[in-house]
Amino acid sequence: MNDYKEVKNWYLDEFKKFESTLNGESAEPIHQLRKEAISNFSELNFPNIKDEEWKYTNVSPLLKYNFKPSLVKGNITNNEVSKFLFDKLEHNLLVFVNGHFDEKVSRVKNLPKGVIAGSIAEAIKEKSQVIKEHFGKYADFKNQIFTALSTAYIKDGAFIYVPDGKIIEEAFHILFLTNSDDNKILSQPRNLFVIGKNSQVTIIEHYSSLGEDIYFTNAVTEIFADENAVVDHIKLQEESKKAFHIGRMEVDQERSSNFSSHSISFGADLSRNDFNTKFNDEGGECMLNGLFLLDGTQLFDVHTMIDHAKPHCNSHEHYKGILDDKSRGVFNGKVMVRKDAQKTNAFQENNNIILSNNALVDTKPQLEIFADDVKCSHGATIGQLDKDSMFYLKSRGIGEETARTILIHAFAIDVIKSIKVKAIKDYIEEILSKRFNN
Amino acid sequence: MLLEIRNLHANIEGKEILKGIDLKINKGEVHAIMGPNGSGKSTLAQVLAGREEYEVTRGTVIYNRKNLLELSPEDRAREGLFLAFQYPVEIPGVSNTNLLKTALNAVKKYRGEEELDAMEFLALIKKKMKLVDLDHSLISRSVNEGFSGGEKKRNEIFQMAVLEPKLSILDETDSGLDIDALKIVANGVNMLKSKDNATVVVTHYQRLLNYIIPDFVHVLYNGKIVKSGGKQLALELEEKGYDWVKTDSKELVEN
């Protein structure tokens, strides 16, 4: 069996080159973390379909290439950046090119006192206490090879710190652009968002590219929501249709915090997302919603885990998939209700629409309940556009294409509606109507 | 002539339902098609509207000098054919107004007419809503979602009022209606009647025909029209029941 030793050696050799660029930093604690991670990486194996967690997603296409870890930032102009912005969105803009912060094209204005938004490299350099407390604490790199790879190559990423009692009205639009230029770049943004007590923030992680070429994004995001914090998170994945995207998000929720996440995926040839949230105290609310729209040979895989470790928490999860051509979708939603987590409410649903004969979805709800006074529900559906509805619309004079668009939009609307940022909502509706209304 | 059906045969899943229908309809006329359950009434309505599940095996349908069977369902609608469904579909996530606006503008575009803007459209639907006494709150809701049986049927007639068809086929529009709703629906249909359009009322019972007076009544039995006549025929059927036609048609076959 192929254990991809050569690919592994490639990343191990590249690590040595990376280390040599870090003069002066090698004694720092961050480098100890990197070294620990690279040693884990060398011991771990790349997953294959015999691993339960990777049963439906074969990563061998990703391991065909030696991706070049990006150590320096690429060039980008304001004009190029403007194509990726949303109409009518008041926002703070953080731009990362190939995983590195580009201050020139970023715009952060009038932040309340104490709020930090920018490059994590900067925060690491300044030996921030927040980094010390939270960085690398939530995303496991002992058992997860891609997180180990990310941790070994920690260089830059987005860092947002909101101290206690601050409400940030304007969303943070974090734009991760890859400019690979056929160089098969590996971009590894490493993000940390720490939101203090009673604070409120909206964060948009937006992944896209300048060209339609082959590259690999391996993104890790850690989020800490302190007591009563309200965090609205949106991930918009619009990578090149030839790209690979591995994303991990780890969320730690403290007492009565409210975390909502919307993951919208249109891009990448292969994307795998691991979204894990943990209630560390009582009274928490968590929403994990998502929409994926696939065609061609795209594969989208989302594995979520909501850990009800404490009582009196509510979680709500709803993913919807729209699949055309030969695309494949995977939904694996795990809800863990631990023994102490009485009075838990957990709702989960996954609905999929298949538009062709060759698209395929594997959906797997996984509820593990160890408490006895809980309300949990789950459901999964896979279907086609309803023939009766289609005929009804046509019988009113509406053409085939428009009728399809209307019904697909109707299918997706409840997830779209739950997004709080109007500019993003409008953008997604526009994408849907363009895609199905030629 | 608005519609001419000749020797129409149609199958579903290999089973022949229509076994040679002949029917002529002129502008300005109201035709009632009656018949017992399973006689093929709804099939005829669905075949005319272009439902793909039915396969037409023989016969011709000329509508407004066009070969109707060659047109897609949407083009039939754009040519002015309207089917009021026996069981209107619920479509969650699609608002009634959105459906109607899209439909109306698709029809207008097809006919080379100017599309309506939002204001003109609102004015139009306000006017038409009154015809069927439809509550304003229903219009912004999802198509038929959570509507009562009567509301669904009224919504069909409301759509018909907005789209102003040349040929309306009402498939069992009276089923599930109480007498008040029946009157409202019938009144709406009567208001829309003109010398330039025609209406086909498909029904099992005579009672709707007390309110929508037909010029012609046809009895469909076993996939064929076995009897045609004036409005008196409906009353006769009510009195004698369908068994009368069944025996009659048997005799017809035997002789």
Open item on the list: Any residue at all in the stretch B:168-191 that's within 22 Å of B:Leu124 (Cα to Cα), crowded, with 16+ Cβ neighbours inside 10 Å and touching a strand residue (DSSP E or B) at 6+ places or on another chain (Cβ under 6 Å)?
Closed with: yes
Open item on the list: I'd like to know if the stretch B:56-70 contains one or more residues that are touching a Lys or Arg at 6+ places or on another chain (Cβ under 6 Å) and among the hydroxyl-bearing types (Ser, Thr, Tyr).
Closed with: yes
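Can you confirm whether A:Val72 is in the same structural domain as A:Ile174 (by TED's automatic domain parsing), under 16 Å from A:Ile185 (Cβ atoms), part of a loop (DSSP other than H, G, I, E, B) and free of Cβ contacts under 8 Å to residues at least 40 places away in the same chain? Break it down into steps so the answer makes sense when it comes.
On the way: in the same structural domain as A:Ile174 (by TED's automatic domain parsing): yes; under 16 Å from A:Ile185 (Cβ atoms): yes; part of a loop (DSSP other than H, G, I, E, B): yes; free of Cβ contacts under 8 Å to residues at least 40 places away in the same chain: yes.
For A:Val72, the condition - in the same structural domain as A:Ile174 (by TED's automatic domain parsing), under 16 Å from A:Ile185 (Cβ atoms), part of a loop (DSSP other than H, G, I, E, B) and free of Cβ contacts under 8 Å to residues at least 40 places away in the same chain - is met.
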Task: Which numbered condition B:Ile157 misses (of (1) free of Cβ contacts under 8 Å to residues at least 60 places away in the same chain; (2) more than 9 Å from chain A (Cβ to nearest Cβ)) - done: (1)
Open item on the list: Residues to consider are A:Ile168, A:Ile160, A:Ile120; find the one that is surrounded by fewer than 22 Cβ atoms within 10 Å (Cβ to Cβ) and hydrophobic (A, V, I, L, M, F, W, C).
Closed with: A:Ile168
- [ ] Output the residues belonging to the stretch B:49-103 that are within 9 Å of chain A (Cβ to nearest Cβ), free of Cβ contacts under 8 Å to residues at least 60 places away in the same chain, outside any loop (DSSP other than H, G, I, E, B) and under 18 Å from the mean Cα position of the chain (by Cα).
- [x] B:Pro73, B:Glu74, B:Asp75, B:Arg76, B:Arg78
Open item on the list: Pairs needed: first member in the stretch B:5-24, over 16 Å from B:Asn37 (Cα atoms); second member anywhere, polar (S, T, N, Q) and part of a strand (DSSP E or B); C-beta distance under 6 Å; at least 6 residues apart or different chains.
Closed with: B:Arg6/B:Thr60; B:His9/B:Thr57; B:Asn11/B:Thr57; B:Gly20/B:Asn7
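State yes or no: is A:Glu282 surrounded by fewer than 23 Cβ atoms within 10 Å (Cβ to Cβ), modelled with pLDDT of 95 or more and not in a loop (DSSP other than H, G, I, E, B)?
Values: surrounded by fewer than 23 Cβ atoms within 10 Å (Cβ to Cβ): yes; modelled with pLDDT of 95 or more: yes; not in a loop (DSSP other than H, G, I, E, B): no.
Spelling it out, it is not the case that A:Glu282 is surrounded by fewer than 23 Cβ atoms within 10 Å (Cβ to Cβ), modelled with pLDDT of 95 or more and not in a loop (DSSP other than H, G, I, E, B).
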- [ ] Check A:Phe331, A:Phe411 and return the single one that is surrounded by 20 or more Cβ atoms within 10 Å (Cβ to Cβ), assigned to a helix (DSSP H, G or I) and not assigned by TED's automatic domain parsing to the domain that holds A:Phe275.
- [x] A:Phe411
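So which residues in the stretch B:109-121 are more than 9 Å from chain A (Cβ to nearest Cβ) and either part of a loop (DSSP other than H, G, I, E, B) or in contact with a Gly (Cβ under 9 Å, 6 or more places away or on another chain) (or both)?
Taking the stretch B:109-121 first, the residues more than 9 Å from chain A (Cβ to nearest Cβ) are B:109, B:111-121.
Within the stretch B:109-121, B:Arg111, B:Gly112, B:Glu113, B:Glu114, B:Glu115, B:Leu116, B:Asp117 qualify.
Within the group A:Ile398, A:Ile382, which residue is β-branched (Val, Ile, Thr), in contact with a helix residue (DSSP H, G or I) (Cβ under 8 Å, 6 or more places away or on another chain) and either within 30 Å of B:Phe82 (Cα to Cα) or not in a helix (DSSP H, G or I) (or both)? Full working, then the answer.
Working: A:Ile382 fails: in contact with a helix residue (DSSP H, G or I) (Cβ under 8 Å, 6 or more places away or on another chain).
Just one listed residue meets the conditions, A:Ile398.
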Open item on the list: Suppose we filter A:Lys68, A:Lys73, A:Lys104 for residues that are charged (D, E, K, R), at pLDDT below 90, surrounded by 11 or more Cβ atoms within 10 Å (Cβ to Cβ) and more than 28 Å from A:Glu430 (Cα to Cα); which single one remains?
Closed with: A:Lys73
- [ ] Taking A:Leu385 as meeting all but one of (1) within 14 Å of another protein chain (Cβ to nearest Cβ); (2) out of contact with any strand residue (DSSP E or B) (no Cβ under 8 Å at 6 or more places or on another chain); (3) over 27 Å from A:Lys334 (Cα atoms); (4) of a type outside the set (Phe, Trp, Tyr), write down the number of the exception.
- [x] (2)
TODO: Return the only residue of A:Ser20, A:Ser82, A:Ser39 being without any contact (Cβ under 8 Å) to a residue 24 or more places away in the chain and under 23 Å from the mean Cα position of the chain (by Cα).
DONE: A:Ser82
- [ ] Report whether or not B:Leu124 is of a type in the set (A, V, I, L, M), assigned to a loop (DSSP other than H, G, I, E, B) and over 29 Å from B:Val245 (Cβ atoms).
- [x] no
- [ ] Report, ordered by the first and then the second residue, all pairs with beta carbons closer than 7 Å, sequence separation of six or more or different chains, a first member in the stretch A:399-420 that is within 18 Å of A:Phe259 (Cα to Cα) and more than 7 Å from chain B (Cβ to nearest Cβ), and a second member that is assigned to a helix (DSSP H, G or I) and of a type in the set (Val, Ile, Thr).
- [x] A:Ile416/A:Ile428
TODO: Of the numbered conditions (1) under 26 Å from B:Leu182 (Cβ atoms); (2) more than 24 Å from the chain's Cα centre (by Cα), B:Gly112 fails exactly one; give the number of that condition.
DONE: (1)
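The values are calculated or read from the model by the stated rules, or taken from the named source; none is laboratory data. Keep in mind that what you see is a predicted model, and the values were worked out from it rather than measured. Every residue, glycine among them, receives a Cβ derived from its backbone with ideal geometry; neighbour counts consider all protein chains shown.
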